[in-house]
Amino acid sequence: MQLLHPFMPFITEEIYHKLTERKDDITVSQYSQIISADKKILQSGSLLKEVITAIRDSRNRNQLKPKDSIKLHILTVNNQTYKTIESILLKQVNASSIAYTKEVMTKTIAVVIQKDKFFIEATTILDTASQKEQLQKDLNYQKGFLISVEKKLNNEKFVQNAKPEVIEIERRKKADAEAKIKAIEESLATL
């Protein structure tokens, strides 16, 4: 009510008094204390958004209709990361099931998200040529990105003048890019 009050003062004031008997007005009441956000939930939400977007894009590139059900296989080090968002992921990518695997799945659409691999198993026949082409594009992009990060880290002026936090971020970017390149190369080898 307090957030809406500046935009709809008469309506919110009326509702405010109808909810419970009050002697004060919303106009002069203090805002409630802000509770800090749970960082785990925010990270899970961000990961969920990234996974859903990547899987939907991959389905679209491989001419899989959104209404066609798929089976999703996840190759990850930490299954618990995805267990918490599994129910939402099932609905949003129209998957009939989610399974966790320790090995690379063949005859599937491979998607690399962060350091994890997702294998989309479809009921229709897949076009591996377009898959290889897309993976090759992703590989070239990641290699170019890695080169740009390495140039920054090899530049003595940048390393001397940059804050330690910035240098650490660049090192993490380098490690992530190397992990993605390795995962994409493995996926290309299985096709």
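Any read-out appearing in this document is the output of simple, stated calculations on the displayed coordinates, not a laboratory observation. On a predicted model such as this, the values are computed, not experimentally measured, just so you know. Neighbour counts run over all protein chains shown; Cβ positions are idealised from the backbone, glycine included.
Over the Cα atoms of the range 136-191, each weighted equally, I'd like the Debye log10 I(q)/I(0) at q = 0.20, 0.23, 0.28 Å⁻¹, rounded to two decimals.
-0.70, -0.83, -1.05
Given the -39500 (n - 2.57) contribution per DSSP H run of 4+ residues, what per-residue ellipticity at 222 nm results for the chain, rounded to the nearest 500 deg cm²/dmol?
-18000 deg cm²/dmol
Please name which of 92, 82, 148 has its Cα lying farthest along the dipole of the chain towards the positive end, using unit charges on Cβ (Lys, Arg +1; Asp, Glu -1) and the Cα centre as origin.
148
Reachable aspartates and glutamates from residue 117, Cα under 18 Å, same-chain residues fewer than 8 places away excluded?
Cross-link targets: 50, 57, 86, 103, 133, 138, 176, 178, 185, 186.
Determine the equivalent ellipsoid of the chain by diagonalising the alpha-carbon gyration tensor, then write out the semi-axes as square roots of 5 times the eigenvalues, largest first, rounded to whole Å.
Sorted largest first and rounded, they come to 43, 28, 14 Å.
For the range 1-31, which chymotrypsin sites (Phe, Trp or Tyr not before Pro) are in a loop by DSSP, counting at most 11 other Cβ atoms within 10 Å?
For chymotrypsin sites (Phe, Trp or Tyr not before Pro) across the range 1-31 that sit outside H, G, I, E and B with at most 11 neighbouring Cβ atoms in 10 Å, the list reads 7, 31.
Counting other C-beta atoms within 10 Å, which of 17, 5, 73 has the fewest, and how do the rest follow?
Lowest count first: 17, 5, 73.
For the range 52-156, which GluC sites (Glu not before Pro) are both in a DSSP coil and crowded by at most 14 other Cβ atoms within 10 Å?
Qualifying residues, ordered by number: 103.
In the neighborhood of residue 19, defined by Cβ-to-Cβ distances under 14 Å, what is the net charge if each Lys or Arg adds +1 and each Asp or Glu adds -1?
Taking every Cβ under 14 Å from that of residue 19, the sum is -2.
In the calculated pair distance distribution of the range 38-126, what percentage of Cα-Cα distances lie above 23 Å?
Value for the range 38-126: 16 percent of Cα pairs lie more than 23 Å apart.
Roughly how many Å is it from the Cα centre of the range 121-191 to that of the range 62-79, as a whole number?
22 Å
Arrange 116, 68 by Cβ neighbour counts within 10 Å, fewest through most, would you?
68, 116
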